[in-house]
Amino acid sequence: MTTFAVFVQASVTDPEALDRYSALTPAARGAHPLEPLAFYCPPEGLAGHPVDGIAILSYPTMEAAKAGYRAPRYRAALPHRLQGTTGQVHLVAGTDG
């Protein structure tokens, strides 16, 4: 079943750390099949607290999404995202199952 990883970037707290994260993530994606559907374009909020950006990545399965998030190369980039932004990450199963 298709799974979507939704990255909600509430605010940028350290632009340099976020730049380091951005530089490391393309290599981290290499072995994991994903399709970026939306990638940190400024969102238009309709309800709730405003956020700086949202990324939505599509994976073929929940297992593939979890493997991508837990991959060593992504785990090496993750501290820079955590230092550079506040936000959340959610995995959401699609309706194609």
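Examine segment 51-58 for a residue that is under 16 Å from residue 6 (Cβ atoms) and touching a helix residue (DSSP H, G or I) at 6+ places or on another chain (Cβ under 7 Å), and state whether such a residue exists.
no
May I ask you to list pairs of residues, at least six apart or on different chains, whose Cβ atoms are under 9 Å apart, with the first in segment 71-97 being at positive phi and surrounded by 13 or more Cβ atoms within 10 Å (Cβ to Cβ) and the second being of a type in the set (D, E, K, R) and not in a strand (DSSP E or B)?
These pairs meet every condition: 87/52; 87/81.
Take segment 1-59 and flag every residue that is touching a residue at least 60 places away in the same chain (Cβ under 8 Å) and in contact with an Asp or Glu (Cβ under 8 Å, 6 or more places away or on another chain).
Across segment 1-59, the qualifying residues are 1, 2, 9, 10, 11, 12.
All but one of (1) within 22 Å of residue 80 (Cα to Cα); (2) of a type outside the set (A, V, I, L, M, F, W, C); (3) surrounded by 15 or more Cβ atoms within 10 Å (Cβ to Cβ) hold for residue 11, so report the exception by its number.
Tallying (1) within 22 Å of residue 80 (Cα to Cα); (2) of a type outside the set (A, V, I, L, M, F, W, C); (3) surrounded by 15 or more Cβ atoms within 10 Å (Cβ to Cβ), residue 11 fails exactly one: (3).
Out of the residues in segment 52-70 that are assigned to a helix (DSSP H, G or I) and small (Gly, Ala, Ser), which is surrounded by the most Cβ atoms within 10 Å (Cβ to Cβ)?
So, considering only residues that are assigned to a helix (DSSP H, G or I) and small (Gly, Ala, Ser), the one surrounded by the most Cβ atoms within 10 Å (Cβ to Cβ) is 65.
Within segment 33-51, can one find any residue that is modelled with pLDDT under 95, buried (at least 17 other Cβ atoms within 10 Å of the Cβ) and under 27 Å from residue 96 (Cα atoms)?
Within segment 33-51, not a single residue is modelled with pLDDT under 95, buried (at least 17 other Cβ atoms within 10 Å of the Cβ) and under 27 Å from residue 96 (Cα atoms).
The values are calculated or read from the model by the stated rules, or taken from the named source; none is laboratory data. Remember, predicted model here, so these are calculated numbers, not experimental data. Counting neighbours? That spans all protein chains shown, and the Cβs are built from the backbone with ideal geometry, glycine included.
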